[in-house]
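Below: the structure, in structure tokens.
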Number of protein chains: 2
Amino acid sequence: MAGTNADMSDSYKQEIRDLALFADMDEINFRALMRGAYVQNFPPRIDLIHENEPPDFLHVVLSGSVDLFAEWNGRETSMATVRPVSTFILAASVRNLPYLMSARTLEKSRIALIPSQDVRTVFTVDCAFAQAIVAELAQCYRSVVKNTKDLKLRTSLERLANYLLRQQARTGSTEFNLTMEKRRLASFLGMTPENLSRAFRGLEPYGVKVEGNRIMITDLEDLLSYAKPNPLIDDYSA
Amino acid sequence: MAGTNADMSDSYKQEIRDLALFADMDEINFRALMRGAYVQNFPPRIDLIHENEPPDFLHVVLSGSVDLFAEWNGRETSMATVRPVSTFILAASVRNLPYLMSARTLEKSRIALIPSQDVRTVFTVDCAFAQAIVAELAQCYRSVVKNTKDLKLRTSLERLANYLLRQQARTGSTEFNLTMEKRRLASFLGMTPENLSRAFRGLEPYGVKVEGNRIMITDLEDLLSYAKPNPLIDDYSA
DNA sequence: CGGGCCACTTGATAAATGTCAAGTGTCTGT
DNA sequence: ACAGACACTTGACATTTATCAAGTGGCCCG
């Protein structure tokens, strides 16, 4: 395990406290949670947790980014990217069941670790915390359902087109940089890197220009009419 | 809307009360929930809800079975089957966000409908109920994650093989009947009916015999070594 | 009994996706 | 500056999966 242990500074605590998950809970209970928690700095590409391990800690990404991925039979797929400030593996923590996914840092990252046991203890006594967990889990559940719909209802070209449109909506610009390596994007979208390359070229006729990491949507209307984005799949805020 | 409205009988109430979701909540609050609830009988193949509708009711399947499915761009895919006694669309209900999936009865079914507004109201005052919702949502979330891993990490033949093994484990027998039409199974597994037919024949060399709806696993070891089931994908209880 | 519906199957073919191998370019660290 | 590593691309090819069309068989209903 790499990284340097550090006492939880007040500024970190405040960052965590500001998360919807912790914002409404009782101060006493929040302090109890923080008592056993600590912050670590990790270099890029460090494994944080591995699937099938018991959920010792609830993780909070304070800075950097984390890849959630899964393996089976020698194959590996990227499931999601966690960006600041948010938590991951909440479901495993509250149910005290083994992780279903592994996690590794993508870049230099600061992660807070909160003992799962404390999370479970506090959540049985703090109603506001339990309610916040409900909201968070419902949100997570809906995100995965959307992802499943994306995978089952669309071809890889359509998935890429809609992914680009989501990025366009997020940045508010028709020109942006990819936020992850293409190989990871390919894995996230459920295809091979070779196919992603071809898919990018396959979108050229619909007004997508690619220069390295930079994406330029030159004909938004055209791309929209091909991709047919749908809030029930592509709107990650609802 | 088909089906006959019916007052909630005490035996139905007890069935619902026995669900883990409602078992620990305060009796007063449970009664408040039941006050606005009612039970309806539905014939087969009736649409209960449609994606994008506001979540008016939390549904509880008391008998029969319900198909959850999703549509996009003229395509449709089966997402899950809900069997008694359990609830569906809990996440939409508690977040008060539109359904991500549609639901239709597969057979004659008895469904209890609990106003979502009451669920949200009660869950803010009943800590035990909030905790039960957490447990339920965490479970649902993990199921969908497993399903995503199944889809992204396995070929259709492997998905079918593992599906059969899960049925084998559930029934405790190497001989069983499929619990749904093959066309729905195909959709659930993310393939076409034609391909499912071919996949069944593709599993013959691994000791799978098919006669109509009846499946016979004649060489469990062989099938296991091909399918390589994994608790982190196939064990729906954990 | 017979007709028609429908799920399922099968074969031929097409499209989508993955694999393998080679090549380009960038970046990094010596 | 240079070597090596590595992400990405490209082309040829294999595999997987979907589509289309036709056929089988069961089942319901007149």
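The values are calculated or read from the model by the stated rules, or taken from the named source; none is laboratory data. This structure is a prediction, so every number in the text was calculated from the model and none was measured. Every residue, glycine among them, receives a Cβ derived from its backbone with ideal geometry; neighbour counts consider all protein chains shown. In case anyone asks, the SASA skips ligands and DNA or RNA and just uses the protein heavy atoms, side chains included. Shrake-Rupley method; radii C 1.70, N 1.55, O 1.52, S 1.80 Å.
In the assembled protein chains, residue B:116 presents an accessible area of approximately 0 Å² (probe radius 1.4 Å). Taking only the C-alpha atoms of the protein assembly as shown, the Rg (one decimal) and the largest Cα-Cα distance, Dmax (whole number), read 23.2, 67 Å. Per residue, region B:155-234 exposes 49 Å² of accessible surface when a 1.4 Å probe is rolled over the protein heavy atoms with every protein chain present. Note on region B:136-195: with neighbouring protein chains present and a 1.4 Å probe, carbon and sulfur make up 47 percent of its accessible heavy-atom surface.
Buried accessible surface for the B/A pair, both sides summed and rounded to the nearest 100, is 5000 Å² with a 1.4 Å probe. For the pair region B:108-177 and region B:201-230, the centres of their Cα atoms are 25 angstrom apart. Relative contact order of region B:1-99: 28 percent, from C-alpha pairs under 8 Å at least 6 residues apart in sequence. Taking a sphere under 10 Å around the Cβ of residue B:61 and counting the other residues whose Cβ falls inside, with K and R at +1 and D and E at -1, yields a net charge of +2.
Spin-label model, residue B:75 to residue A:194: label points 7 Å out along the Cα-to-beta-carbon direction sit 2.2 nm apart. Annotation for residue B:222, label-to-label distances across the other copies: 5.4 nm (shortest first, one decimal, point 7 Å from Cα along Cα→Cβ). Within the shell of other residues whose beta carbon sits under 13 angstrom from the beta carbon of residue A:222, the net charge comes to -1, with Lys and Arg scored +1 and Asp and Glu -1. Set the Förster distance to 22 Å, then compute FRET efficiency between residue B:26 and residue B:117 from the Cβ-Cβ distance, nearest 0.05. About 0.75, to the nearest 0.05. For the residue pairs B:182/B:209; A:146/A:228; A:13/A:149; A:146/B:146, the alpha carbons lie more than 25 Å apart in A:13/A:149. Applying 1/(1 + (r/R0)^6) with R0 = 56 Å to the Cβ-Cβ distance of residue A:108 and residue B:14, what FRET efficiency is obtained, to the nearest 0.05? With a Förster radius of 56 Å, E is 0.50. In this view, the solvent-accessible surface of residue B:140, computed with a 1.4 Å probe and all protein chains in place, comes to about 40 Å². Residue separation of residue B:50 and residue B:63 scaled by 0.36 nm, minus their Cα-Cα distance, works out to 2.6 nm of gained length. Assuming 0.36 nm per residue, please report the length gained on full extension of the stretch residue B:135 to residue B:225 beyond their Cα-Cα distance. So the extension gain works out to 29.1 nm. Here the simple spin-label model places points 7 Å from the Cα toward Cβ, and for residue A:128 and residue B:182 these points are separated by 5.8 nm. Once all protein chains are placed together, residue A:200 keeps about 10 Å² accessible to a 1.4 angstrom probe.
Over chain A, Cα pairs under 8 Å with separation of 6+ residues give a relative contact order of 19 percent.
Each Lys or Arg adds one and each Asp or Glu takes one away; over the other residues whose Cβ falls under 12 Å from the Cβ of residue B:126, this sums to -2.
The residues of region B:4-151 expose on average 38 square angstrom of accessible surface per residue, using a 1.4 Å probe on protein heavy atoms. Taken along the Cα-to-beta-carbon direction at a fixed 7 Å, the label points for residue B:204 and residue A:85 span 6.2 nm.
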